[in-house]
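Each reported figure results from applying straightforward, stated rules to the coordinates on display, with no laboratory input. The structure presented is a predicted model; accordingly, all values stated were derived computationally and were not measured. Note that we place each Cβ from the backbone using ideal geometry, even for glycine, and neighbour counts take in every protein chain shown.
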Amino acid sequence: MKDFLKYVVNGIFKENPVLILMIGLCSVLAVSTSVQNAIGMGLAFSFVMIFSNIFVSLLRPITPNEIRIPVFIIVIGTFTTIVDLVISAYFPELYKALGIFIPLIVVNCIIIGRAEAFAYRHNVLESIADGIGISIGYIWAIVALGLIREFLGNGTILGKTLFSWFNPAKVFTMPPGAFWGIGLLIGLLKWFEKRMGRR
C-alpha cells in the first residue's frame, strides 16, 4: 500500500507529465481553451492511460521484447478506439471540440512512455498506481490551464460569466495564450516546490 501511494504521488508531482516532464504538450495546449474541453480530454486520456498500463503489465510475461512496441500500440489503440466511439456517440459537442486529438491519444508519448518505462517492468497493482498518478497529474495540469485560458480569454468559467466588468484578453484563447498559461503554471509549481523545500 505504501508503494502504491508513492507511485500515485510521484505521477502527480515529481513526474507530472505536463509540468515537470513537459511531454504530451500538443493536446494540452490545443484543447485547453475551456474547462469543459480540458475535463473531457483529461478523462479520455485517463481511461486510456490506466487501462493500457494494466494490459501492458498483464501481457508482459508473454510479450517478446522484440515486438513490445507494436504490442503497446495495439493495446493503446484499442482503448483509444473505445474512448473515441463513446465520446462520438454520447458527447457529440465535446467530440467536435476535441477533434483529431482524441484519436491522437494512440500516439501520445506520455502513454507510450509509461508503458515502456513502467508498466512493462512492474506488476499490475504498481502499474495501476502509476496510471492513476500520471492521470491525476495530467488532469490537474490541463484543467488548471483550461481555467486560466477560459477565464482570462473569455471571462467565463464553464461557460458562465463571473464578472460583468471583466474585460477578457482574447490572446488567451489563441496559441500564444496557451504558452503563457503553461509558463505561469510551471512557474507557480516551481515557486511552491521552493517554498516547501525551505520548510
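Which of P175, P70, P17 moves the most in a Gaussian network model of the chain with Cα springs under 10 Å?
Highest fluctuation of the listed residues: P70.
Any chance you could run the full-extension gain for W165 through L59? It's 0.36 nm times the residue separation minus the Cα-Cα distance, nm to one decimal.
This chain segment gains 32.5 nm when fully extended.
Label points 7 Å out from Cα along the Cβ direction at E93 and W180: separation in nm?
2.8 nm
When the helix-only estimate is applied to the chain (DSSP H runs of n ≥ 4, each -39,500 (n - 2.57), divided by the residue count), what is the mean residue ellipticity at 222 nm, nearest 500 deg cm²/dmol?
Roughly -22500 deg cm²/dmol at 222 nm, from the helical runs in the chain.
Could you sort out which of K2/K190; K170/K190; K6/K170 sit more than 32 Å apart by Cα distance in this structure?
Violating the 32 Å limit, Cα to Cα: K6/K170.
Based on Cβ point charges of +1 for Lys and Arg and -1 for Asp and Glu, what charge dipole magnitude is obtained for the chain about its Cα centre, in debye rounded to the nearest 20?
680 debye
Bin width 5 Å, alpha-carbon pairs only: give the P(r) of the chain as whole percents, running from 0 to the bin holding the largest distance.
So the P(r) values, bin by bin, are 1, 8, 15, 18, 18, 15, 12, 7, 4, 2, 1, 0, 0.
What residues from the stretch 120-161 fall in the zone where the backbone N is under 17 Å from a label point 7 Å along the Cα-to-C-beta line of I82?
124-125, 127-129, 131-132, 135
Along the positive direction of the dipole of the chain (beta-carbon charges: Lys, Arg +1; Asp, Glu -1; about the Cα centre), which of M22, T78, G131 reaches farthest?
M22
Which residue fluctuates the most in the chain, going by a Gaussian network model with Cα springs under 10 Å, if the choices are T63, T80, T173?
Maximum fluctuation in the GNM of the chain, among the listed residues, is at T63.
On full extension of the chain, what length is gained from K194 through T156, given 0.36 nm per residue of separation minus the C-alpha to C-alpha distance?
10.5 nm
Can you give me the span-like helices of the chain, meaning DSSP H runs with 20 Å or more of Cα extent along the axis and Kyte-Doolittle mean at or above 0.0? Intermediate values should be presented prior to the final figure.
On the way: long enough: 35-59 (35 Å, 1.70); 68-90 (33 Å, 1.77); 124-154 (43 Å, 1.26); 175-198 (35 Å, 0.26).
Counting only whole DSSP H runs, the qualifying helices are 35-59, 68-90, 124-154, 175-198.
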